[in-house]
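First the structure, in the form of structure tokens, and then the observations on it.
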Amino acid sequence: MVMIEGERGESQSEGPTLHFLSGKAGSGKSTIAARIAHENSAVLISEDIWLFRLYGDQMKTFEDYLRFSKNLKEVVGPLATNLLRLENSVVLDFPANTAASRTWYRSIFENANAAHVLHHVATTDEVCLQRIEKRNAERPEGSHHLTKEDFVYISSFFEAPGDAEGFNVRLYPS
């Protein structure tokens, strides 16, 4: 099921819900994640901030990111499942950017017997690059400097969610 942002006005969910996001770097996922957490009184877990606080300068390459992210997911997955079982909604500000990566989110909400919403942020590459440039200058906590080449490389792995995956998708068009 796909629902376009703004169709129903409110984004609040009934019962404990796992919210997770798909979108390219600079698409606005973290901004939307914070809004969802606020509107739903949900626990927000931000991959960028946790990785920065745990690993800081140890992350030098994309391969480092992949390794540290995998380690973090081994801790956050059970935590998110437990929070959902305790009737808390959770927003995972981690990129759900490939079909394979989205199996992790499915395991969380299915193990918790909770609802879910996959928030797909479909922002144009041009807008993403503008936002990355601004983020590079401002450097909010957890952000890493990205070049246009980094964006192109990372985006080459991106797979938008498809109907066959069976997620409840909320679309945020550009």
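Just so it is clear, none of the values below were taken in a lab; they were calculated from the coordinates. Bear in mind that the values here come from a model prediction, so they are computed numbers and not experimental data. Cβ coordinates were reconstructed from backbone atoms using ideal geometry, including for glycine residues, and neighbour counts include every protein chain displayed.
Looking only at the stretch 117-138, which residues are more than 21 Å from Ser107 (Cβ to Cβ) and either in contact with a His (Cβ under 8 Å, 6 or more places away or on another chain) or among the small types (Gly, Ala, Ser) (or both)? Steps first, please.
Filtering the stretch 117-138 for residues more than 21 Å from Ser107 (Cβ to Cβ) gives 121-138.
Matches in the stretch 117-138: Ala122, Asn136, Ala137.
Of all residues in the stretch 51-100, how many are under 23 Å from Leu118 (Cα atoms) and basic (Lys, Arg)?
Number satisfying all stated conditions: 3.
Of everything in the stretch 130-153 that's among the aliphatic types (A, V, I, L, M) and crowded, with 17+ Cβ neighbours inside 10 Å, which residue is farthest from Met59 (Cα to Cα)? I'd like the intermediate steps shown before the answer.
So the first thing to find is which residues in the stretch 130-153 are among the aliphatic types (A, V, I, L, M), and the list is 132, 137, 146, 152.
With the extra rule that they be crowded, with 17+ Cβ neighbours inside 10 Å, the set shrinks to 132, 146.
Working: Ile132: 18, Leu146: 13 Å.
This residue is Ile132.
Residues in the stretch 151-159: is at least one of a type in the set (S, T, N, Q), more than 25 Å from Glu14 (Cα to Cα), in contact (Cβ under 8 Å) with a residue 12 or more places away in the chain and not in a loop (DSSP other than H, G, I, E, B)? Spell out how you get there, then give the answer.
Taking the stretch 151-159 as the starting set, the residues that turn out to be of a type in the set (S, T, N, Q) are 155-156.
Now drop any that are not more than 25 Å from Glu14 (Cα to Cα), which leaves 155-156.
Okay, now just the ones that are also in contact (Cβ under 8 Å) with a residue 12 or more places away in the chain, so 155.
Then drop every residue that is not not in a loop (DSSP other than H, G, I, E, B), which leaves 155.
Yes: one or more hits.
Would you mind listing the helices (runs of 4 or more DSSP H) fully within the stretch 7-117 where at least 1 residues are under 15 Å from the mean Cα position of the chain (by Cα), crowded, with 17+ Cβ neighbours inside 10 Å and of a type in the set (Asp, Glu)?
47-55
Over 27 Å from Ala80 (Cβ atoms) and not in a helix (DSSP H, G or I): does that describe His145?
Numbers: over 27 Å from Ala80 (Cβ atoms): yes; not in a helix (DSSP H, G or I): yes.
Criteria met by His145.
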